[in-house]
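Beneath this line is the structure, given in C-alpha coordinates, with notes to follow.
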Amino acid sequence: PFQVVGGKVKKPGKRGRKPAKIDLKAKLERSRQSARECRARKKLRYQYLEELVSSRERAICALREELEMYKQWCMAMDQGKIPSEIKALLTGEEQGKAQQNSSKLAKAGKTDTNSSNP
(Lines give C-alpha, C1' and ligand atoms only; values in the text may rest on other atoms or scores of the structure.)
Protein backbone atom coordinates (compact mmCIF):
# COMPACT_ATOMS: atom_id res chain seq x y z
CA PRO A 1 0.00 0.00 0.00
CA PHE A 2 2.92 2.43 0.49
CA GLN A 3 5.05 3.65 -2.35
CA VAL A 4 8.64 4.69 -1.95
CA VAL A 5 9.55 7.59 -4.20
CA GLY A 6 12.95 9.17 -3.91
CA GLY A 7 13.51 7.84 -0.40
CA LYS A 8 10.17 9.18 0.89
CA VAL A 9 7.14 7.10 1.79
CA LYS A 10 4.12 8.31 -0.13
CA LYS A 11 0.63 7.29 0.95
CA PRO A 12 -1.81 6.58 -1.84
CA GLY A 13 -4.89 8.84 -2.05
CA LYS A 14 -3.30 11.62 -0.03
CA ARG A 15 -5.66 14.51 0.55
CA GLY A 16 -5.00 18.19 0.02
CA ARG A 17 -3.84 20.30 -2.81
CA LYS A 18 -1.08 19.19 -5.02
CA PRO A 19 1.68 21.77 -5.19
CA ALA A 20 0.76 23.14 -8.58
CA LYS A 21 3.20 25.33 -10.44
CA ILE A 22 2.18 28.79 -9.25
CA ASP A 23 2.99 31.70 -11.46
CA LEU A 24 5.42 33.53 -9.18
CA LYS A 25 5.04 36.88 -10.94
CA ALA A 26 1.25 36.80 -10.61
CA LYS A 27 1.55 35.88 -6.93
CA LEU A 28 3.92 38.77 -6.28
CA GLU A 29 1.64 41.18 -8.13
CA ARG A 30 -1.38 40.03 -6.08
CA SER A 31 0.65 40.55 -2.92
CA ARG A 32 1.66 44.06 -4.00
CA GLN A 33 -1.94 44.94 -4.91
CA SER A 34 -3.16 43.65 -1.54
CA ALA A 35 -0.51 45.75 0.24
CA ARG A 36 -1.56 48.86 -1.75
CA GLU A 37 -5.21 48.31 -0.81
CA CYS A 38 -4.27 47.77 2.83
CA ARG A 39 -2.30 51.03 2.91
CA ALA A 40 -5.19 52.90 1.28
CA ARG A 41 -7.66 51.52 3.86
CA LYS A 42 -5.29 52.45 6.67
CA LYS A 43 -4.93 55.99 5.29
CA LEU A 44 -8.71 56.42 5.07
CA ARG A 45 -9.15 55.06 8.59
CA TYR A 46 -6.60 57.54 9.98
CA GLN A 47 -8.19 60.45 8.09
CA TYR A 48 -11.59 59.52 9.54
CA LEU A 49 -10.18 59.28 13.06
CA GLU A 50 -8.37 62.63 12.73
CA GLU A 51 -11.58 64.33 11.55
CA LEU A 52 -13.46 62.74 14.45
CA VAL A 53 -10.87 63.98 16.96
CA SER A 54 -10.90 67.51 15.57
CA SER A 55 -14.70 67.70 15.59
CA ARG A 56 -14.77 66.46 19.20
CA GLU A 57 -12.11 69.04 20.14
CA ARG A 58 -14.21 71.82 18.58
CA ALA A 59 -17.25 70.58 20.52
CA ILE A 60 -15.21 70.58 23.75
CA CYS A 61 -14.08 74.18 23.12
CA ALA A 62 -17.66 75.30 22.47
CA LEU A 63 -18.86 73.59 25.66
CA ARG A 64 -16.04 75.16 27.70
CA GLU A 65 -17.00 78.61 26.38
CA GLU A 66 -20.63 77.94 27.27
CA LEU A 67 -19.62 76.78 30.75
CA GLU A 68 -17.52 79.91 31.25
CA MET A 69 -20.48 82.07 30.19
CA TYR A 70 -22.72 80.32 32.73
CA LYS A 71 -20.07 80.82 35.44
CA GLN A 72 -19.97 84.54 34.63
CA TRP A 73 -23.76 84.71 34.83
CA CYS A 74 -23.74 82.96 38.24
CA MET A 75 -21.07 85.31 39.57
CA ALA A 76 -23.08 88.31 38.38
CA MET A 77 -26.27 86.97 39.99
CA ASP A 78 -24.37 86.31 43.25
CA GLN A 79 -23.55 90.04 43.24
CA GLY A 80 -27.24 90.84 42.74
CA LYS A 81 -26.98 91.71 39.05
CA ILE A 82 -29.15 90.02 36.46
CA PRO A 83 -27.26 89.56 33.18
CA SER A 84 -28.95 91.08 30.14
CA GLU A 85 -28.96 87.67 28.41
CA ILE A 86 -31.01 86.16 31.24
CA LYS A 87 -33.38 89.13 31.21
CA ALA A 88 -33.84 88.60 27.48
CA LEU A 89 -34.48 84.89 28.03
CA LEU A 90 -37.00 85.58 30.79
CA THR A 91 -38.88 88.25 28.84
CA GLY A 92 -38.75 86.03 25.75
CA GLU A 93 -40.26 83.16 27.73
CA GLU A 94 -42.95 85.40 29.18
CA GLN A 95 -43.81 86.70 25.72
CA GLY A 96 -43.77 83.13 24.42
CA LYS A 97 -46.13 82.02 27.20
CA ALA A 98 -48.44 84.95 26.52
CA GLN A 99 -48.48 84.06 22.83
CA GLN A 100 -49.15 80.41 23.65
CA ASN A 101 -51.99 81.34 25.99
CA SER A 102 -53.56 83.68 23.44
CA SER A 103 -53.25 81.07 20.71
CA LYS A 104 -54.78 78.45 23.04
CA LEU A 105 -57.68 80.79 23.76
CA ALA A 106 -58.13 81.47 20.07
CA LYS A 107 -58.10 77.73 19.33
CA ALA A 108 -60.54 77.07 22.17
CA GLY A 109 -62.81 79.78 20.79
CA LYS A 110 -62.70 78.20 17.36
CA THR A 111 -63.54 74.77 18.71
CA ASP A 112 -66.42 76.21 20.74
CA THR A 113 -67.89 77.91 17.68
CA ASN A 114 -67.41 74.73 15.66
CA SER A 115 -69.11 72.58 18.29
CA SER A 116 -72.11 74.94 18.59
CA ASN A 117 -72.74 74.87 14.82
CA PRO A 118 -74.09 71.44 13.80
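The values are calculated or read from the model by the stated rules, or taken from the named source; none is laboratory data. Here the structure is a predicted model, which means the values were calculated and not measured. Just the protein is used for accessible areas: all its heavy atoms, side chains included, with ligands, DNA and RNA removed. Shrake-Rupley method; radii C 1.70, N 1.55, O 1.52, S 1.80 Å.
Only protein heavy atoms count here; on that basis, with a 1.4 Å probe, Arg41 has an accessible area of about 130 Å².
Which aspartates and glutamates, on any chain, are close to Lys71 with Cα under 12 Å apart, when same-chain ones fewer than 8 places away are left out? Of all the aspartates and glutamates, none pass the test against Lys71 - Cα under 12 Å, at least 8 places apart if same chain. Largest to smallest in accessible area, the residues Ser55, Ser31 fall in the order Ser31, Ser55 (1.4 Å probe, all protein chains included).
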